[in-house]
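*Asks:* Take a look at the following structure, please.
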Amino acid sequence: MSGIKKLAGQTLWYGLSSIAARLINVLLTPYLTYSNNIKTSDFGKMALIYAAIPILNILFTYGFETAYFRFSSKEENKKTIYNTAFLSLLFSTIFFTGVLWLNQSIIGNIIGLSNFPQIIQYAILIVAFDALTKIPFARLRQQGRPIKFAFVTIVGILFYIFFTWFFISYCSHALQKDANSWVSIFYDAKTNPIVYVVLANLIQSVVTLLFLSSEIAKVRFKFNVTLWKQMMVYSLPLIIVGMGGMINETFDRLMLQWWLPGDTLAKESQVGIYSACYKLSLFITLFIQAFRMGAEPFFFKQAEGQNPQRVFARVMKFFVIIICLMFLAISLYMPILKYFIGPKYWVGLSIVPILLLANMFIGIYYNLSVWYKLSNKTSAGAWITFGGAAITTGINFLFIPVYGYMACAWATFFCYGSMMVASFIWGQKEYCIPYAWKKLTAYMVIVVLLFFAHKGITAIWPGVVFSLTTATVLMALYLWFIGTVEKKELPQLPLIGKFFKK
């Protein structure tokens, strides 16, 4: 249980930074969606570029972050792996950046932002700087230094917040008061405001890299070719895993742009509505990302101990309990949470519960993926992700022209659900872990039934106060149920254990 407690503590620290990073997108959502300066179509344009950036990130890092964790646990690699991994990413980043810079127009046409060359340029630089931070960040995680990890990440986020506000609010207001204001030197009121949002993101990336300079300064030009080849063999299938994952997670915005009928403005508006509502489902993703930050190095270290499968099974149980509670909290308290986005985006709120369930599935899949990472069968992850990407693409291609962004939500649901099931079945054959899958399935089914019960009750007796009261009662009942079933396990967890002792 001590290993799980350590994982919980590290997840908390990584969560502070990771949740802050993703939460800023959620908190900026009301700021941007309520802003009179940004239209729904503008929000859609921003969603398109942020759908492309993660895909480029996968190409630039080619799975080397996971490979670093896998090979750094071996004693013979500890002296050279950091140098080898960072230098590999440094040289490849220079190469990929040059290729993309020479093909900006092609990228603009694919994304649908050919009229915004500045955004394309900023995006390329963001991807480049972010790629250079991957191995230094991975080193902090591998060494168990979550406090510095959190500090650097949060400082970068604060710069992003400040410059987003500075460009969107302060500069535009200053020029309205005085056309000759000092901000006119670098700020043009005629430029679409989303250009400055992406510029603020670029500033964040540069600042983050600068704050990691002390870690980068420890790099020595010692390149272990043999180790590099081993890492490449391990990581190359992860490119497909990563690419497929990003296609499943963000590519649907581009698919909406390609396959929705109507003019460009209408398409971008639909993308904007879908993306704004998607932000509400990211509350679960925030926790999943924080968990992954602590879990990946934890799993590799735990694998060297005795009976790691039992630990992995217990981690999965606690994980599912938490995300089930988060699903209930978000879906039942939607009358309050919907105010995170502007009213003009509320038309798409029906997709949120679907996306919440989808994110629960992908979170479980990330837990399950430990089997192919530890058994060096990363090609299995590639095949599973490829299958998920095929489902996403097929459903979106067939149904987006008819159902719009609703098709994207269901495509995400079926994609992540199939990946979860496939990984479980395949993994139990290759690296059997004693998951309490019947109990965990029951937990998920129960929260879905409670959601529909709440929906049915509030349909008969509508009203915000009654809805929130009913939600609170249902949440309390589920907490009581979990506390009763897991009364032997929960007291052993940090924070929760203290509550039980009281």
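The values are calculated or read from the model by the stated rules, or taken from the named source; none is laboratory data. Worth saying up front: this structure is predicted, and the values here are computed from it rather than measured. Glycine gets a Cβ as well: all are built from the backbone with ideal geometry, and neighbour counts include every protein chain shown.
*Asks:* Against the definition (among the hydroxyl-bearing types (Ser, Thr, Tyr) and either in contact with a Phe, Trp or Tyr (Cβ under 6 Å, 6 or more places away or on another chain) or closer than 28 Å to Gly381 by Cα (or both)), how does Tyr122 come out, yes or no?
*Replies:* For Tyr122, the condition - among the hydroxyl-bearing types (Ser, Thr, Tyr) and either in contact with a Phe, Trp or Tyr (Cβ under 6 Å, 6 or more places away or on another chain) or closer than 28 Å to Gly381 by Cα (or both) - is not met.
*Asks:* Out of curiosity, is Phe43 aromatic (Phe, Trp, Tyr), buried (at least 19 other Cβ atoms within 10 Å of the Cβ), over 15 Å from Ile135 (Cβ atoms) and in contact (Cβ under 8 Å) with a residue 24 or more places away in the chain?
*Replies:* It is true that Phe43 is aromatic (Phe, Trp, Tyr), buried (at least 19 other Cβ atoms within 10 Å of the Cβ), over 15 Å from Ile135 (Cβ atoms) and in contact (Cβ under 8 Å) with a residue 24 or more places away in the chain.
*Asks:* I would also like to ask the following. Is it fair to say Leu102 is over 20 Å from Phe251 (Cα atoms), of a type in the set (A, V, I, L, M) and without any contact (Cβ under 8 Å) to a residue 12 or more places away in the chain?
*Replies:* Considered against the rule, which asks whether it is over 20 Å from Phe251 (Cα atoms), of a type in the set (A, V, I, L, M) and without any contact (Cβ under 8 Å) to a residue 12 or more places away in the chain, Leu102 comes out as yes.
*Asks:* Would you confirm, using the coordinates I've provided, whether Glu65 is out of contact with any helix residue (DSSP H, G or I) (no Cβ under 7 Å at 6 or more places or on another chain), assigned to a helix (DSSP H, G or I) and among the acidic types (Asp, Glu)?
*Replies:* no
*Asks:* Identify the single condition in (1) over 24 Å from Tyr372 (Cβ atoms); (2) touching an Asp or Glu at 6+ places or on another chain (Cβ under 8 Å) that Phe69 does not satisfy, given that it satisfies every other one.
*Replies:* Here Phe69 clears every test but (1).
*Asks:* I need the helices (runs of 4 or more DSSP H) fully contained in the range 251-359, keeping only those with at least 3 residues that are within 30 Å of Ser375 (Cβ to Cβ), among the aliphatic types (A, V, I, L, M) and modelled with pLDDT of 85 or more.
*Replies:* Passing ranges, in order: 308-332.
*Asks:* Tell me, yes or no, whether the range 413-421 has at least one residue that is part of a helix (DSSP H, G or I), β-branched (Val, Ile, Thr) and surrounded by fewer than 16 Cβ atoms within 10 Å (Cβ to Cβ).
*Replies:* The answer is yes, given that some residue of the range 413-421 is part of a helix (DSSP H, G or I), β-branched (Val, Ile, Thr) and surrounded by fewer than 16 Cβ atoms within 10 Å (Cβ to Cβ).
*Asks:* Next question, about the same structure. Can you tell me which residue is farthest from Trp259 (Cα to Cα) among those in the range 381-412 that are β-branched (Val, Ile, Thr) and surrounded by fewer than 21 Cβ atoms within 10 Å (Cβ to Cβ)?
*Replies:* Among those residues, the one meeting the criterion is Ile391.
*Asks:* Could you list all residues from the range 92-135 that are at pLDDT below 90 and among the β-branched types (Val, Ile, Thr)?
*Replies:* Ile106, Ile107, Ile110, Ile111
*Asks:* Could you identify the single residue in Val206, Val233 that is among the hydrophobic types (A, V, I, L, M, F, W, C), at pLDDT 85 or above and over 27 Å from Ile384 (Cβ atoms)?
*Replies:* Val206 is the lone residue from the list that is among the hydrophobic types (A, V, I, L, M, F, W, C), at pLDDT 85 or above and over 27 Å from Ile384 (Cβ atoms).
*Asks:* Tell me yes or no: at least one residue of the range 197-219 is among the hydroxyl-bearing types (Ser, Thr, Tyr) and free of Cβ contacts under 8 Å to residues at least 24 places away in the same chain.
*Replies:* The answer is yes; a qualifying residue exists.
*Asks:* While we're looking at this one, here's another question. Could you say whether any residue in the range 42-60 is assigned to a helix (DSSP H, G or I), under 28 Å from Ser369 (Cβ atoms), modelled with pLDDT of 90 or more and among the polar types (S, T, N, Q)?
*Replies:* Taking every residue of the range 42-60 in turn, none turns out to be assigned to a helix (DSSP H, G or I), under 28 Å from Ser369 (Cβ atoms), modelled with pLDDT of 90 or more and among the polar types (S, T, N, Q).
*Asks:* Within the bounds of the range 377-396, is there any residue that is under 25 Å from Lys267 (Cβ atoms), assigned to a helix (DSSP H, G or I), out of contact with any Lys or Arg (no Cβ under 8 Å at 6 or more places or on another chain) and among the hydroxyl-bearing types (Ser, Thr, Tyr)?
*Replies:* The answer is yes; a qualifying residue exists.
*Asks:* Within the range 62-99, can you find the residues that are under 25 Å from the mean Cα position of the chain (by Cα) and of a type in the set (A, V, I, L, M, F, W, C)?
*Replies:* Phe64, Ala67, Phe69, Phe71, Ala85, Phe86, Leu89, Leu90, Phe96, listed by residue number.
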